[in-house]
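What follows is a single structure, written as structure tokens, with notes after it.
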Amino acid sequence: MEESVKPNSLKAWFLASRPKTWAAAIAPVMVGSALACHHHSFKPIAALCCLLFAVAMQIAANLINDLYDFLKGSDREDRLGPLRATAQGWILPSSMKKGIIAVIVFGCICGSVLIYYAGWQMIFVGLFCVIFAYLYTSGPFPLAYNGLGDIAVVLFFGLVAVGFTAYVQVYQWDRSFILCGLATGLVVNTLLVLNNYRDREQDEISGKRTSVVLLGERFGRYLYLLMGILAEILIVRYIFNFSYVRFPQLLGSLVNTDSILPTIAKFIAFPILICIYLIPHINTWLKICDIRSGERLNMMIGETSRNMILFAVTLTITLCLH
């Protein structure tokens, strides 16, 4: 890999952007747009701008992480994760800083369109996201180095990303934004948990106090499983208790022959859609439990991103069906 990457090439920048992590930005926008569709207020241009802004912020956060982990000495020779562009000399630190600024500017230009849809307040939301991308691994109190990475991911990739993607299209807040946002944030956080679990020994040596370093290997292993299960519990509660098929509806439909089959179909379809995510998630966790440590855990990054998209797709279908 090292020999085939030319310094400052497009391939070097592409690898530095970590495309396997883009699912963490795509999934929340899918769910937020599905919520807008559920409220009969889907706006494709606004959704596209949210997607471009989210992916740009994800790439910017990855580049910032690449640069500052190198400057802090966290990217050691015994690193188990995918190779980093700055540490490998593919991109100079000065060039990386310029790239970070360029990506953030591009994201902000795309995001500025959302002012038309939701007002000038969106400037503060965008600024909040840019600050988060910077503070995650840099600044005087980097969140990723002080055990707050998991909370930050659930907040920004869940509640903020899902909630505001829906808000700029619906123009109002709804409790479904919070439940679906929180569930999506938990699923996105499985990717961070996996990375922290893989790097736990190296992070401890480097002074990076992730939740896995602070609470141990067993905690990290089961946290990955728990994130997915909690997400599904939230979605099931939302579907069956708040706005979808309820048992009284199912029973009431029995007196109306025209609605029996559609109602039963929904009642059966939603659990099946949910299992489409949960079964692969548990299967990936079992593989993690079998591997436990080493570079082989990198194979689970792709699976975790795949599971993330499965969750977003199935939840999108569920929301749009109603």
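The values are calculated or read from the model by the stated rules, or taken from the named source; none is laboratory data. This one's a predicted model, so the numbers in the text were calculated from it and none came from an experiment. We place every Cβ from the backbone using ideal geometry, glycine too, and count neighbours over all the protein chains shown.
Key figures
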read-out	value
Hits in region 133-148 (condition: closer than 19 Å to L71 by Cα and touching a residue at least 12 places away in the same chain (Cβ under 8 Å))	A133, Y134, Y136, T137, S138, P142, A144, Y145, N146
Condition broken by S4, with the remaining ones in (1) in a loop (DSSP other than H, G, I, E, B); (2) among the hydroxyl-bearing types (S, T, Y); (3) closer than 30 Å to C180 by Cβ satisfied	(3)
Any hit, region 55-76, residues being of a type in the set (K, R), crowded, with 17+ Cβ neighbours inside 10 Å, more than 18 Å from V160 (Cα to Cα) and modelled with pLDDT under 95	no
Residues being crowded, with 21+ Cβ neighbours inside 10 Å and among the basic types (K, R) - total across region 201-223	1
Filtered residue count, region 280-322, keeping only those that are in contact with a Gly (Cβ under 8 Å, 6 or more places away or on another chain) and over 19 Å from K20 (Cα atoms)	1
Condition check for L15: modelled with pLDDT of 95 or more and in a helix (DSSP H, G or I)	no
Answer residue from region 168-199, given it is out of contact with any helix residue (DSSP H, G or I) (no Cβ under 6 Å at 6 or more places or on another chain) and more than 26 Å from C275 (Cα to Cα) and is surrounded by the fewest Cβ atoms within 10 Å (Cβ to Cβ) among those	Q172
Test: V125 is among the β-branched types (V, I, T) and within 20 Å of the chain's Cα centre (by Cα)	yes
Lone qualifier among L15, L35 - being touching an Asp or Glu at 6+ places or on another chain (Cβ under 9 Å), over 17 Å from Y134 (Cα atoms), in contact (Cβ under 8 Å) with a residue 24 or more places away in the chain and buried (at least 20 other Cβ atoms within 10 Å of the Cβ)	L35
Residues (without any contact (Cβ under 8 Å) to a residue 60 or more places away in the chain, over 22 Å from K20 (Cβ atoms) and either acidic (D, E) or assigned to a helix (DSSP H, G or I) (or both)) located in region 168-204	I178, L182, E204
Residue list for region 86-136, filter: assigned to a helix (DSSP H, G or I), farther than 15 Å from V55 by Cα and β-branched (V, I, T)	T86, I115, I123, V125, I131
